[in-house]
Amino acid sequence: MSQEITVVTESLIPSEKMLDAIIRHFGFRTTVVEMAVYAYMRHLCLEYSGGMWSYYELSNGGFYMSPAGERFYNLVSPNGYKDAMTSKEAGVTACLFAFSFVSAKYQSERLCDHYEWLWEYISYCGSKSAQKIFAAID
């Protein structure tokens, strides 16, 4: 018996649809989630000082956001992990920390699902990116 493997893909959300998308994913906790992601980004990447973000929907139902543009951030994780990460890698890492924190604080199954969907997506990011993100959140 063969099992079908489903690859998780991302789709960039156009700027004019970003608000609708994040509300669809997080409902009345949208602001809490968004602020938590920004806070974790500031905590993990000391040189981060705000800016525009890109939002992505995942084919498995998930969502993540990352600083817009192509640049690197020096990420320092609470577990001692240190490395340069792309905007997307740093954004995914900040989202995972934020989704975990907010889901525990508010006992939110919806946020637990988003954490799991994003975790699943990581394995499709490419082995080097996956290794960095998993090392940072471990």
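Quick one: S100, S127, fewest Cβ neighbours within 10 Å first, how do they rank?
Final ranking by Cβ density, sparse to dense: S127, S100.
Stokes-Einstein D for the range 64-138 at 20 °C, 1.002 mPa s, Kirkwood Rh over Cα pairs, in µm²/s?
Diffusion coefficient, whole number: 171 µm²/s.
Quick one: F99, F28, F63, fewest Cβ neighbours within 10 Å first, how do they rank?
Neighbour counts put them in this order, fewest first: F28, F63, F99.
Test of understanding: in a Gaussian network model of the chain with alpha carbons linked when under 10 Å, which of V92, V102, V37 would top the mean-square fluctuation ranking?
Sorting by GNM fluctuation, first place goes to V102.
How big is D, in µm² s⁻¹, for the range 33-86 by Stokes-Einstein at 20 °C and 1.002 mPa s if Rh is the Kirkwood radius over C-alpha pairs?
176 µm²/s
Rounded to the nearest 500, what is the 222 nm mean residue ellipticity of the chain from helices alone, with -39500 (n - 2.57) per DSSP H run of 4+ residues and division by all residues?
Computed mean residue ellipticity for the chain: -16000 deg cm²/dmol.
To the nearest 20 debye, what is the magnitude of the charge dipole of the range 10-137 about its Cα centre, counting +1 on the Cβ of each Lys and Arg and -1 on the Cβ of each Asp and Glu?
Here the size comes out at about 280 debye.
Grab the other residues whose beta carbon is less than 15 angstrom from that of S49, score K and R as +1, D and E as -1, and report the net.
+1
Which lysines, on any chain, are close to K128 with Cα under 16 Å apart, when same-chain ones fewer than 8 places away are left out?
Once the sequence-local lysines are set aside, what remains near K128 is K82, K88.
Suppose the chain between D20 and Y106 were pulled fully straight at 0.36 nm per residue; how much longer would it get relative to their current alpha carbon spacing?
Full-extension gain reported as 28.8 nm.
Starting from 0.36 nm per residue, how many nanometres of slack lie between T31 and N60 once their C-alpha separation is accounted for?
8.2 nm
Tell me, Y55, Y124 in order of fewest to most beta-carbon neighbours within 10 Å?
Y124, Y55
Using Cα springs under 10 Å in a Gaussian network model of the chain, which residue among A21, A36, A104 shows the largest mean-square fluctuation?
A104
Would you mind putting 68-81, 106-119 in packing order, based on average other-beta-carbon counts within 10 Å, highest first?
In descending order of packing, they fall as 106-119, 68-81.
Once you have the alpha carbon radius of gyration of the chain, what is it after dividing by 2.2 N^0.38 Å, with N set to its residue count?
Working it through for the chain, the quotient is 1.01.
Roughly what would the spin-label model give for Y124 and L46, points 7 Å off Cα along C-beta, in nm?
The answer from the label model is 3.7 nm.
Here, each number is a calculation from the coordinates, and none is a lab measurement. Worth saying up front: this structure is predicted, and the values here are computed from it rather than measured. Using ideal geometry, Cβ is built from the backbone for each residue, glycine included, and neighbour counts are taken over all protein chains shown.
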